[in-house]
Each structure stands twice: as C-alpha cells, then as structure tokens.
Amino acid sequence: MIEQRILLTTDVVGGVWDFCVALTDALRASARVTLLALGAPSPAQRAAADGVGANLVSVPLKLEWMQDCEADVARTRELVATIARDLRPSVIHANHFAAACADVDVPVVLTVHSDVLSWRRWTYGSEDVPPEWESYAGLVREALTRADAVVAVSRFMANEVRARYGVDRRIEVIHNGWPPTARVSTRLGRTTLVAGRIWDSAKNISLAARAAQDWDPGNVYLAGEQSHPEHGHPADVPPPLKALGFLPRADLDAWLRRSSVYLSTARYDPFGLLPLQAALNGCALLLSDIPSYRELWDGAACFFHSDDAAHLSRKWQMLLDDDGDGVAELGRRALERATSRYTLHRMVGAYAALYANLRGRVAA
C-alpha cells in the first residue's frame, strides 16, 4: 500500500526536470508523486511524466530568475500552499526557492541546484548584488531559513550558498544520480558532443568553436535548446559546431554512444547531469577546470583551463590523436566513477532517508 504522498516542484527549462522525473520513477514503488511544473511541458515531457506514474500539474508561471517575475513568484507560493492543503502530502520537495517559501504545515525539503548570485560570480566574475537582484537574494535567504532541510547537489554548491547569502545552517550534500544505460557502442571516430543551452553564458559554448579552429577535430555536434525561454529568439550556432537542437532522452543517449568525447566548456555547473549521462554512455570527459567538476570527476576526466581556448585545443587534440587508447581509457575511468558514486539508487536512498527523518520529527 502506498502511504507517502510527495509534492515535487520542477520546471521545464533545464536539468531540474530530468532530476525530478528520475526521482519520481525511483520513488513510485513507495510514494505517490504530484509533479508541479512551472512552465509549459512539451509533449515529450508530458509523456515522460506519465511514463513514471507522476500526477502532473503544470502552470505557466515565470521562474524566480526571470525578468518581471514578482507576481508569478507570489503565485507560486500561493499555489504550493493550496495544493498542499488539498493533497496533504507527507513531504514537499521544493526545487525552487519560491516553493520553499510557501505557507504550509508539512515538512519542506529544498534542493539547491543553482542560484543567480553564484551563477554571476562564476560566469562574469561579479561579487556584488545589483539592485535588481536584491529581492531575489531576499527570496533565497527566506527559503534557506524556512525549509526544514536544505540539500545541495555538490559541496561546491553548498559552499556557494553559504558564501553568497550569509545563511549559517546545515546543508546536506546529495550528489545527483542517474540510471545506467544500455551501453552498445556505435562510436563514429573523431566525434565530440557538446551539450547545453547556447543562450546561457555559463555554458560558454563559443569557447568550443574557438578551440576547434585551425585543426581537424572531426565532427563536433551541439545538442541543446537554441531559443531563450523568455523571448524565444534563437541563438546562432558558431561553426564548426553542428546543431542537433533539443534531443529527447533516448536520442541524446544515442548521440552520446556515437561520440568518443563529451566536451563541457561550462564556467558554472553546480553538478552537471550531462557529464554524468555522458560517462554512463562510455564517453571520455573533457571538462573545464571548475570546482564542481574537480569535486566530482578528478582522476576520471581530462581538464582544461576554464575559458582558455588554446589550452582546450591542445587537450582536445591530444585526446583525439592518441589512436583511441587515451579516449578509451578515459571513458572507462568516467564510467567506473559514475557507476560507483553517482547512482540513482544512492541518490534516492539519501532522499528517502531524509523524508523519513522529517516525517519522524513531525510525528514526535
């Protein structure tokens, strides 16, 4: 008999959706999950939610980092409170700061996947809080204070939250996990996959294009949404990258199996599901040397100086010109790291224990 009822908030823009669908799938034997999506899910996303047994509720509300979002942030808080009163969940698992600020009488877990101030720090080197972001910073501080438990997806993220918002409280680190894939290799030789939202400066996609000049990197493909979620304008894909557009999960896995190297040029990526998914598909990881990637992949990836096109070019050529041996060995190390540390079973077990602990406190 299913006893737990969990209200899980998500959005349709980035990796939070994938995280929530994977978590829902793993929990469905013991919990009934209502997935509250902020934004309009695509048909593929609706099918994914249905496939994992989620009760999907979607509302066309702006996220807390979008322009002119104040009314929608207030509506998000109200909506979470209303659904909680009707649903009477055992736990609310918020993946947005606004949702963690709802006026509810059930335990709230807040998972911090990213935040604007640390994004600004690592993307642009900006330490200040501009006036237009002060209300956002206040929302984050309120959420961090009000939530019954706060989780960060990496030690890097936990440290950034404490430093940027001045909140001194326990933050548990639960690394993301992902299920294993059917690893039938269909490698296409000198093929590199880059993935990410090209409109997001933190992804730094143009660095890959600059590093691929004046030598033969083979085929370099870019998977990811090209249009900005607010204004819808598509961004240009710089050559020699070849755009694949947004790929459904199965298609992305297929492209990862075709690629010998997965390249991330990110300036900021607090966990990064895509490197994990690439590792599980046997890719060698070529990653920018940022703290979160070092935390997660040190010893199992090839690193280049962040924002240094010349250094990336040298490392990239070295990998591809090594007759396949270096790529294969690096792929083996990444796969071993992924399957030993970042499993879905481990992630779900940690969240299930956290939910149980919070319910126990309420019962006491």
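The values are calculated or read from the model by the stated rules, or taken from the named source; none is laboratory data. Just so you know, these numbers come straight off a predicted model, no measurement behind them. With ideal geometry, Cβ positions are generated from the backbone for all residues, glycine too; neighbour counts draw on all protein chains shown.
Results for (1) over 19 Å from A353 (Cα atoms); (2) touching a Ser or Thr at 6+ places or on another chain (Cβ under 7 Å); (3) among the acidic types (D, E), shown as yes or no for each residue.
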residue: V16; (1), (2), (3): yes, yes, no
residue: C20; (1), (2), (3): no, yes, no
residue: D25; (1), (2), (3): no, no, yes
residue: A37; (1), (2), (3): yes, yes, no
residue: A40; (1), (2), (3): yes, yes, no
residue: A44; (1), (2), (3): yes, no, no
residue: A47; (1), (2), (3): yes, no, no
residue: D50; (1), (2), (3): yes, no, yes
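Of the residues R249, R258, only one is surrounded by fewer than 23 Cβ atoms within 10 Å (Cβ to Cβ) and out of contact with any Ser or Thr (no Cβ under 8 Å at 6 or more places or on another chain); which? Before you say what the answer is, go through the steps one by one.
Details: R258 fails: out of contact with any Ser or Thr (no Cβ under 8 Å at 6 or more places or on another chain).
Answer to the check: R249.
Pick from A209, A143: which is hydrophobic (A, V, I, L, M, F, W, C), in a helix (DSSP H, G or I), assigned by TED's automatic domain parsing to the domain that holds T265 and modelled with pLDDT of 95 or more? Write out each step before concluding.
Numbers: A143 fails: assigned by TED's automatic domain parsing to the domain that holds T265.
After ruling out the rest, the residue left standing is A209.
State whether the residues of the stretch 82-103 include one that is crowded, with 18+ Cβ neighbours inside 10 Å, touching a helix residue (DSSP H, G or I) at 6+ places or on another chain (Cβ under 9 Å) and without any contact (Cβ under 8 Å) to a residue 40 or more places away in the chain. Don't jump to the end; show me each part of the working.
The first filter runs over the stretch 82-103 and keeps only residues crowded, with 18+ Cβ neighbours inside 10 Å, leaving 83-84, 87, 89-102.
Narrowing further to those that are touching a helix residue (DSSP H, G or I) at 6+ places or on another chain (Cβ under 9 Å): 89-102.
Filter once more, so that each one left must be without any contact (Cβ under 8 Å) to a residue 40 or more places away in the chain: 102.
Yes; the residues of the stretch 82-103 include at least one that is crowded, with 18+ Cβ neighbours inside 10 Å, touching a helix residue (DSSP H, G or I) at 6+ places or on another chain (Cβ under 9 Å) and without any contact (Cβ under 8 Å) to a residue 40 or more places away in the chain.
Of V161, V109, which residue is assigned to a helix (DSSP H, G or I), within 20 Å of the chain's Cα centre (by Cα) and either of a type in the set (A, V, I, L, M, F, W, C) or exposed (fewer than 15 other Cβ atoms within 10 Å of the Cβ) (or both)? Step through it out loud before you land on a result.
Details: V109 fails: assigned to a helix (DSSP H, G or I).
So the residue among V161, V109 that is assigned to a helix (DSSP H, G or I), within 20 Å of the chain's Cα centre (by Cα) and either of a type in the set (A, V, I, L, M, F, W, C) or exposed (fewer than 15 other Cβ atoms within 10 Å of the Cβ) (or both) is V161.
If you check W119 against the conditions, is it more than 30 Å from D322 (Cα to Cα), hydrophobic (A, V, I, L, M, F, W, C), assigned to a helix (DSSP H, G or I) and without any contact (Cβ under 8 Å) to a residue 40 or more places away in the chain?
Values: more than 30 Å from D322 (Cα to Cα): yes; hydrophobic (A, V, I, L, M, F, W, C): yes; assigned to a helix (DSSP H, G or I): yes; without any contact (Cβ under 8 Å) to a residue 40 or more places away in the chain: no.
In short, no.
State whether the residues of the stretch 22-35 include one that is at pLDDT 95 or above, under 24 Å from W119 (Cβ atoms) and out of contact with any Pro (no Cβ under 9 Å at 6 or more places or on another chain).
Yes - at least one qualifying residue is present in the stretch 22-35.
Are any residues in the stretch 317-343 touching a residue at least 60 places away in the same chain (Cβ under 8 Å) and in contact with a strand residue (DSSP E or B) (Cβ under 6 Å, 6 or more places away or on another chain), and if so, which ones?
V327, G331
Would a scan of the stretch 235-242 turn up a residue that is outside the structural domain of L354 (by TED's automatic domain parsing) and touching a residue at least 60 places away in the same chain (Cβ under 8 Å)?
Kept after step one, since they are outside the structural domain of L354 (by TED's automatic domain parsing), are these residues of the stretch 235-242: 235-242.
From what's left, touching a residue at least 60 places away in the same chain (Cβ under 8 Å): none.
No; the residues of the stretch 235-242 include none that is outside the structural domain of L354 (by TED's automatic domain parsing) and touching a residue at least 60 places away in the same chain (Cβ under 8 Å).
Please go through (1) on the phi > 0 side of the Ramachandran plot; (2) within 21 Å of the chain's Cα centre (by Cα); (3) of a type in the set (K, R) for R88 and return the number of the only condition it doesn't satisfy.
The number of the failed condition is (2).
Just one of L320, L285 is buried (at least 22 other Cβ atoms within 10 Å of the Cβ) and at pLDDT 95 or above; which is it? It would help to see each step written out before you state the result.
Details: L320 fails: at pLDDT 95 or above.
Going through L320, L285 in turn, just one is buried (at least 22 other Cβ atoms within 10 Å of the Cβ) and at pLDDT 95 or above: L285.
How many residues are closer than 16 Å to V109 by Cα and small (G, A, S) when one looks only at the stretch 1-58?
Going residue by residue through the stretch 1-58, those that are closer than 16 Å to V109 by Cα are 4-10, 16, 19-20, 23-24, 27, 31, 33-36.
With small (G, A, S) added as a condition, the list becomes 31.
Count: 1.
Might you check whether a residue that is touching a residue at least 12 places away in the same chain (Cβ under 8 Å) and under 28 Å from V21 (Cα atoms) occurs anywhere in the stretch 125-135?
No, every residue in the stretch 125-135 fails to be touching a residue at least 12 places away in the same chain (Cβ under 8 Å) and under 28 Å from V21 (Cα atoms).
Among the residues of the stretch 190-203, which ones are out of contact with any Leu (no Cβ under 9 Å at 6 or more places or on another chain), assigned to a loop (DSSP other than H, G, I, E, B) and surrounded by fewer than 20 Cβ atoms within 10 Å (Cβ to Cβ)? Walk me through how you get there before you give the answer.
From the stretch 190-203, those out of contact with any Leu (no Cβ under 9 Å at 6 or more places or on another chain) are 191, 197, 199-203; that's our starting set.
Now narrow it down to the ones that are assigned to a loop (DSSP other than H, G, I, E, B): 197, 199-200.
If the condition is that a residue be out of contact with any Leu (no Cβ under 9 Å at 6 or more places or on another chain), assigned to a loop (DSSP other than H, G, I, E, B) and surrounded by fewer than 20 Cβ atoms within 10 Å (Cβ to Cβ), then R197, W199 are the ones that fit.
For every residue, the table says whether it meets (1) in contact (Cβ under 8 Å) with a residue 24 or more places away in the chain; (2) assigned to a loop (DSSP other than H, G, I, E, B); (3) among the acidic types (D, E).
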site	(1), (2), (3)
L252	yes, no, no
A266	yes, yes, no
P275	yes, no, no
D307	yes, yes, yes
